[in-house]
Amino acid sequence: MNLDAHERAMLAGELGEPRRWAMDHMLKVGPMFDAADLVPVSQAHMMADTESLGEAGVAFLEGLAGHPPDQRRVAVPMITDPRGVDLDYYRPLGQTEAMAELERRTIAACQAMGILMTDTCINYQTIMPPVRGEHLAYGDTGVVIYCNSVLGAYSNFEGGPSALAAGLTGRTPRYGLHLEKNRRATKRFIVRRQPRELTDWGVLGALIGRLCGSYWEVPVVEGLEVAPTSDDLKHFGAAMASFGSTPLYHLVGITPEAPTLAHVCDGAPPAAHEITNGELDALRGDFGGAGDKVDVVVFAAPQLSLVEMRRVADLLEGQRVHADTALIVCTAPTVAADCDRLGIIRRIEASGAKVLRGTCFYNQYAREIGQANGWTRLLSNSAKIVNIIGGYGYRPALASMEDCAAAAVAGRIV
Amino acid sequence: MTTELKCQPGIGGRVEGTALVAKDNFSARYDLDRINGVFSRPQHQLAGQSYVDRILVLDTAKGGVATAWMLHEMKARGMAPKAILFNAANTILAQGAALADLPLCDRFEAGDITALIQTGDRLIVDPGQGLVTIVERA
């Protein structure tokens with residue numbers, strides 16, 4: 001790969017071991033995807049929950065954080081994805097002191113490197129939304145697909161180590177979504193049945209993701225007659241990335257790179273796949289049915305916006321969550337602060353539900369907390385989480401936010 | 001008789017091991033019980049099978065970014081696959097393999113790698129050369 005003088009100095013260790021490691025890491029990954037050089041990035045966002053890190057990953061972070069301050073400080077603003085433990089509420093979930101201790105060590109190491117502990121997967125709604133054409137190194141597939149697609153920024157899926165390497169160097173290998181040629185539509189879908197609420201958007205995104213099934217496919221979607229909100233596209237993209245590992249989509253007439261179909265096609269557009277009601281119903285039908293008992297209802301994945309939080313509060317107003325069912329709500333620390341101020345968390349928790357701050361249900365030791373609480377039947381309005389959680393020993397079901405709230409009160413799917 | 005399969009130069013060092021093959025995808029978060037070292041997602045074609053010290057041969061990577069840390073964590077506990085071969089890797093698996101120093105290769109010249117290799121085949125994986133050799137058929 002072609003390196004400039006500053007990059008060569010970092011690789012030679014002249015700016016310390018953390019930046020030398022970061023350069024070495026990028027020089028292993030970049031050639032795998034034929035990267036010719038590195039591209040400067042303006043922000044990095046790291047997924048580093050302790051369930052994924054484990055003892056080995058935490059020790060690795062501590063190793064980097066043990067170097068002198070001028071060597072370990074990140075070079076560009078760097079923020080974090082949801083954590084594995086809400087340190088104000090973990091024992092009641094069945095999380096252990098060992099988990100909390102790993103969390104504390106991770107936070108200390110990240111802060112020593114100058115990383116801002118935002119603990120959120122909705123930074124594009126809450127922290128600093130990227131700008132069209134901005135090159136980034138973001139982790140969390142839901143964050144990446146939103147910022148690429150809705151905001152027209154440029155990022156690959158960066159796992160924790162690569163996001164950290166980008167933070168330390170201010171660069172990332174120039175491959176994948178940083179190159180215009182990889183942002184052109186490769187599959188084309190036409191929507192007939194219009195999505196009406198968040199879960200409809202999630203199901204549509206999930207189906208398109210499943211039909212794409214690869215990091216290297218870019219779907220373009222026509223036929224939408226409704227104007228989506230940020231929360232709609234949050235669920236749409238998170239589900240698509242989860243089901244398909246797909247990092248970018250275009251909505252004709254809505255997203256910035258696709259004012260028309262022709263803008264995202266080289267020559268003739270790909271053959272159109274018309275999304276049928278049968279396909280949408282079949283995907284939804286994979287996840288649960290009426291009458292089934294529910295152990296835990298989860299609003300998470302992605303974390304809830306202020307608007308979603310108030311809707312949950314409204315739906316639970318004057319209601320009581322069933323004694324045999326738990327209701328967990330995950331949101332960003334910044335949103336939680338606003339919700340505290342506005343009385344929204346008090347209203348939600350008056351029902352017996354619990355709001356967790358800075359975590360997301362599936363990356364906070366879902367297997368262990370499920371076993372500790374006897375949870376197997378999980379209900380959510382998130383198409384993403386019902387896709388993930390089966391591997392953790394749950395039997396997931398999917399319903400709208402309204403029906404999830406009603407099920408939490410009834411103790412069974414309504 | 002050995003069979004040589006050319007691929008793109010990959011990540012990690014040369015290893016020898018036994019193949020575990022499926023025409024299915026891979027995410028450490030979605031598909032594995034990493035404590036017990038088995039595929040745990042009921043819908044996965046390898047559900048219930050141990051992946052520890054096997055050379056996984058799969059179609060592509062899927063799901064989220066967690067695998068980038070998880071391969072390193074699994075290897076530190078001695079509960080990792082020996083290598084992974086894909087038709088097409090995604091960015092996360094490459095990043096995870098780089099941190100874990102776990103051999104990873106993709107893009108095979110002869111076509112679908114999940115059809116060319118069978119479970120139980122004895123393989124030598126040489127990422128630096130971009131070469132996988134079947135030394136003994138199952």
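For chain A, modelled as a GNM whose springs connect Cα atoms under 10 angstrom apart, the maximal fluctuation among A:335, A:298, A:29 occurs at A:29.
Is the shape of the range A:59-194 best called rounded, prolate or oblate, per the rule: a/c under 1.5 gives rounded, else a/b larger than b/c gives prolate, else oblate, with a ≥ b ≥ c the square roots of the Cα gyration tensor eigenvalues? In terms of gyration-tensor shape, oblate. In the calculated pair distance distribution of the protein assembly as shown, what percentage of Cα-Cα distances lie above 33 Å? Percent of Cα pairs beyond 33 Å in the protein assembly as shown: 38. Taking a point 7 Å out from the Cα of residue A:24 in the direction of its Cβ, the residues of the range B:1-35 whose backbone N falls within less than 19 Å of it are B:10-14.
Extents of the range B:1-87, taken as max minus min of Cα coordinates on every principal axis and listed largest first, are 36, 27, 22 Å. Among B:66, B:76, B:22, the largest mean-square fluctuation in a Gaussian network model of chain B, built with springs joining Cα atoms closer than 10 Å, belongs to B:76. Orientation-averaged projection of the range A:330-397 equals 4.9 nm² [convex hull of Cα atoms, one quarter of hull surface area].
Largest accessible area first, the residues A:384, B:6 order themselves as B:6, A:384 under a 1.4 Å probe with ligands, DNA and RNA left out. Please report the antiparallel percentage of the DSSP beta bridges confined to the range B:3-136, to the nearest 5. Here the share of antiparallel DSSP bridges comes out near 60 percent. Label separation (residue B:110 vs residue A:17): 4.4 nm, computed from points 7 Å beyond Cα along the C-beta direction.
Across A:387, A:277, A:156, mean-square fluctuation computed from a Gaussian network of chain A (C-alpha pairs under 10 Å connected) peaks at A:277.
Note on the range A:296-410: the alpha carbon radius of gyration divided by the globular reference 2.2 N^0.38 Å gives 0.97.
Taking the Cα centre of the range A:245-373 as origin and assigning +1 to Lys and Arg Cβ atoms and -1 to Asp and Glu Cβ atoms, the resulting dipole is close to 620 debye. Antiparallel beta bridges, as assigned by DSSP with both residues in the protein assembly as shown, represent about 30 percent of the total such bridges.
The values are calculated or read from the model by the stated rules, or taken from the named source; none is laboratory data. Keep in mind that this is a model prediction, so the values were computed, not measured. Positions of Cβ are backbone-derived with ideal geometry, glycine not excepted, and every protein chain shown enters the neighbour counts. Surface areas here come from the heavy atoms of the whole protein model, side chains and all, with no ligands, DNA or RNA. Shrake-Rupley method; radii C 1.70, N 1.55, O 1.52, S 1.80 Å.
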